[in-house]
Amino acid sequence: MNDEFKRIIDQLPIMFERLVTSSIKHWNDLGRLPKKGIYVFYENGNPIYVGRTNRMKDRIKEHGRPSSTHNSAPFAFNLAKKAAIEKGLDLNKSRVDLEKDSIFAKLFFEAKDRVSKMSVCVIEIDDPIIQTIFEVYASMELKTEFNDFNTH
């Protein structure tokens, strides 16, 4: 195994502990946040989505902003897709076409509002490689339902 990769892997449990014990912030009152790192959205105390960014506060806000699109609010988009499946909607459309569908658009708007009511924990991680590896690790450890590592 590559020595640098092993060094990163060995850090993951320590970083994970720092993340899950960090103070919980509410979406509408984020206060001071690191610029770069990993964030976890919590709903009713349950972790449901892990993300990574180099512009923490703005990125977290994008997930729940009413004007956000599928590109800037993928978490809310995945929430809307789950709601659409439960309603029996056909999801065999592009993401752009789903956003244009009036029924799906309403579900997406409701999902963004739902995200805006969630809380979040964050950890500062500057290195993009460590961010990438840790995002996957944290989502696997937390068993977050709405992380989707498929490409679009």
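The values are calculated or read from the model by the stated rules, or taken from the named source; none is laboratory data. Since the structure is predicted, the reported quantities are computational estimates derived from the model, not experimental observations. Every residue, glycine as well, gets a Cβ built from its backbone with ideal geometry; the counts of neighbours run over all protein chains shown.
List of remarks:
- Scanning region 94-127 for residues that are touching a residue at least 12 places away in the same chain (Cβ under 8 Å) and among the aliphatic types (A, V, I, L, M) gives Val96, Leu98, Ile103, Leu107, Ala111, Val115, Met118, Val120, Val122, Ile123, Ile125.
- Only one of the listed residues (Val96, Val120) is hydrophobic (A, V, I, L, M, F, W, C), in a strand (DSSP E or B) and either surrounded by 16 or more Cβ atoms within 10 Å (Cβ to Cβ) or out of contact with any Phe, Trp or Tyr (no Cβ under 8 Å at 6 or more places or on another chain) (or both). That residue is Val120.
- Test for Tyr49: is it touching a Ser or Thr at 6+ places or on another chain (Cβ under 8 Å) and either over 15 Å from Ile130 (Cα atoms) or in a loop (DSSP other than H, G, I, E, B) (or both): yes
- Pairs where the first residue, in region 66-93, is part of a helix (DSSP H, G or I) and the second is polar (S, T, N, Q) and surrounded by 14 or more Cβ atoms within 10 Å (Cβ to Cβ), C-beta under 8 Å, 6+ apart: Ala76/Ser68
Conditions tested, residue by residue: (1) under 21 Å from Ser139 (Cβ atoms); (2) not small (Gly, Ala, Ser).
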{"site": "Ile8", "(1), (2)": "yes, yes"}
{"site": "Gly31", "(1), (2)": "no, no"}
{"site": "Arg52", "(1), (2)": "yes, yes"}
{"site": "Arg59", "(1), (2)": "yes, yes"}
{"site": "Phe77", "(1), (2)": "yes, yes"}
{"site": "Ala80", "(1), (2)": "yes, no"}
{"site": "Asp97", "(1), (2)": "no, yes"}
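- Set side by side, the residues Glu62, Glu43 differ, and just one is more than 18 Å from Phe149 (Cα to Cα), of a type outside the set (Lys, Arg), surrounded by 13 or more Cβ atoms within 10 Å (Cβ to Cβ) and without any contact (Cβ under 8 Å) to a residue 40 or more places away in the chain, which is Glu62.
- Qualifying residue in region 13-20 (condition: surrounded by fewer than 18 Cβ atoms within 10 Å (Cβ to Cβ), closer than 25 Å to Ile133 by Cβ and charged (D, E, K, R)): yes
- Criterion (in contact with a Leu (Cβ under 8 Å, 6 or more places away or on another chain), under 15 Å from Val50 (Cβ atoms) and of a type in the set (Gly, Ala, Ser)) met by exactly one of Ala138, Ala80: Ala138
- Within region 128-152, the only residue that satisfies the criterion of being free of Cβ contacts under 8 Å to residues at least 40 places away in the same chain, assigned to a helix (DSSP H, G or I) and farther than 18 Å from Arg7 by Cα is Met140.
- Residue within region 138-150 that is at pLDDT below 95 and more than 11 Å from Phe75 (Cβ to Cβ) present: yes
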